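Here's the structure we're looking at; comments come further down.
The values are calculated or read from the model by the stated rules, or taken from the named source; none is laboratory data. Because the structure is a prediction, the values reported are computed rather than measured. Positions of Cβ are backbone-derived with ideal geometry, glycine not excepted, and every protein chain shown enters the neighbour counts.
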Amino acid sequence: MSTSEVNPEFEALLHYLKQNCGCDLTGYKPDSLMRRFQRRMQQLGIENYTSYLQYLQAEPQECTPLLDTILINFSGFFRDRDAWEYLAHKIIPQIITNKQPQEQIRVWSAGCASGEEVYTLVMLLAEILGIEQYLQRVQMFATDVDRDALRRARQGIYNENEVASIPSQLLSKYFEQTEQGYVFCSQLRRSIIFGRHNLAVDAPMSKIDLLVCRNVLIYLKRETQASIFVRFHFALNNQGLLFLGNSESLINQRQIFTPVSIKRRIFAKAKDQKLGLDEHLLLLPQTQDKKAINPLNTYIRIWQAAFETSPLAQLVVDRSGSLLLVNERAYGLFRLQNNHIGAPVRDLEIGQVINSLTVMRRLNRDHHPFSLKNIEWVTDNATTHLDIHITPISDSSGKLIGANLTFIDVTQYIYLKDEFESLNSTLTSLTQELHITRKVLNSTTQELRNIH
Ligand SMILES: C[S@@+](CC[C@H](N)C(=O)[O-])C[C@H]1O[C@@H](n2cnc3c(N)ncnc32)[C@H](O)[C@@H]1O
């Protein structure tokens, strides 16, 4: 158990920040988080978390210096030069080769701090593509959770020390020396889309070719890191690449990324690893903030709408055979109500047509989809005939977590089949009668011939 989990005063402080300052720190490693809180408290001469909470309540502007202490914004141009050189000579050319000549290239610097990382990326891409092609083809996103850092990144102004690591020909080509400092080329700077984005909370971007997230995840708990890697997997297109910091590594149990260069921490999205249902749920934004960059919301809504409005009745049951999801057609057909969600299927009217326990037992045994044909659903008004297709739902580790039941109304077909069979039998007896009549006619004709 972590230190913060046994410290209710610290928990109360985190809760206050989450509720009142829109700052969710619950995904950070608690021990280093506490050390950084204490550093700020020492600066103010405050001794315990409860007194600091009272101080925050009285002085709301304290959030800014606190976050400056907590979210370490240290950055630099070409930080870990060897890895950037590899990126420039091997990775970026490969990304460009994989694209059609006019196709867009989408790059995301996640946790961009004061901007050094994103401007390094811009310079490398502009050097390879040329500035004009860069402006036409590259969509560059730069996000951070820290508003103050983002403000500095947007400005793109750096002092002598900060630009010292930039090769001199790039410095003179991409920066203008002014009284305030070295200012990054305004035309290129304006093409970058900066935005506040919390990697642990907000839904990810999509269709990214190169995702650079360096020296951000080290501060986060293992489980938070694991869910962020799932989001990154979603964010990247099929040939997309992920570039981490030198002391960061992948920690997911499943290999959703494969190494391209372990030394430089560059990974490719594993093509044959699709996200499971449980992982898709992890992608959902954990925030009510409508302004958060949120393409996934739309994706999930389309997914949901496709299920709900399907012309075929569908249900989802969990492992124990209880009702989890019902689409519109199934609500009408089986006279289901919202309060039936969570109830065992055998206790509902629909339990007459399907024994969910038997279904789950069979799926548990062989894990294959199967169908039940021509099942009768008898109500006061009518008898409906159904074919039921049953598909197992498994989590990413292959463990069965439920089943999808799709009901196809075959009543018309059954009636037509019955009618066809009865017509067929009438036809057979008429044919037999005709046959007999012909025989009688033949023998009568023969007899008449004999008389004459
Ligand atoms: C040490 S800096 C790294 C900057 C840059 N990526 C680099 O390697 O030079 C870490 C940055 O991550 C940001 N950060 C921390 N937690 C974050 C989160 N949950 N979502 C987005 N950014 C986060 C911090 O605000 C900070 O600007």
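Tabulated data for the structure shown
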read-out	value
Options Leu125, Leu199, Leu211, Leu150: the member that is within 20 Å of Ser75 (Cβ to Cβ) and assigned to a loop (DSSP other than H, G, I, E, B)	Leu199
Listing of helices (runs of 4 or more DSSP H) fully contained in region 220-313 that carry 3 or more residues being assigned by TED's automatic domain parsing to the domain that holds Gly27, within 22 Å of Leu71 (Cα to Cα) and modelled with pLDDT under 75	none
Residue check for Arg154: more than 14 Å from the ligand (Cβ to nearest atom), of a type in the set (Lys, Arg) and either exposed (fewer than 15 other Cβ atoms within 10 Å of the Cβ) or not assigned by TED's automatic domain parsing to the domain that holds Leu25 (or both)	no
Criterion: without any contact (Cβ under 8 Å) to a residue 60 or more places away in the chain and within 13 Å of the ligand (Cβ to nearest atom) - qualifying residue of Ile96, Ile46, Ile70	Ile70
Test: residue in region 132-147 that is in a helix (DSSP H, G or I), more than 9 Å from the ligand (Cβ to nearest atom) and closer than 30 Å to Arg40 by Cα	yes
Search result, residues across region 19-61 that are under 20 Å from Val145 (Cβ atoms) and hydrophobic (A, V, I, L, M, F, W, C)	Cys21, Cys23, Leu25, Leu33, Met34, Phe37, Leu56
Helices (runs of 4 or more DSSP H) enclosed by region 21-97 - at least 3 residues per element that are over 29 Å from the mean Cα position of the chain (by Cα) and surrounded by fewer than 18 Cβ atoms within 10 Å (Cβ to Cβ)	30-44, 49-58, 63-70, 81-86
Residue in region 388-396 that is under 30 Å from the mean Cα position of the chain (by Cα), loosely packed, with under 15 Cβ neighbours inside 10 Å and farther than 21 Å from Glu308 by Cα present	yes
Matching residues, region 9-30, being within 16 Å of the ligand (Cβ to nearest atom) and on the phi < 0 side of the Ramachandran plot	Leu14, Leu17, Lys18, Cys21, Cys23, Asp24, Leu25, Thr26, Gly27, Tyr28, Lys29, Pro30
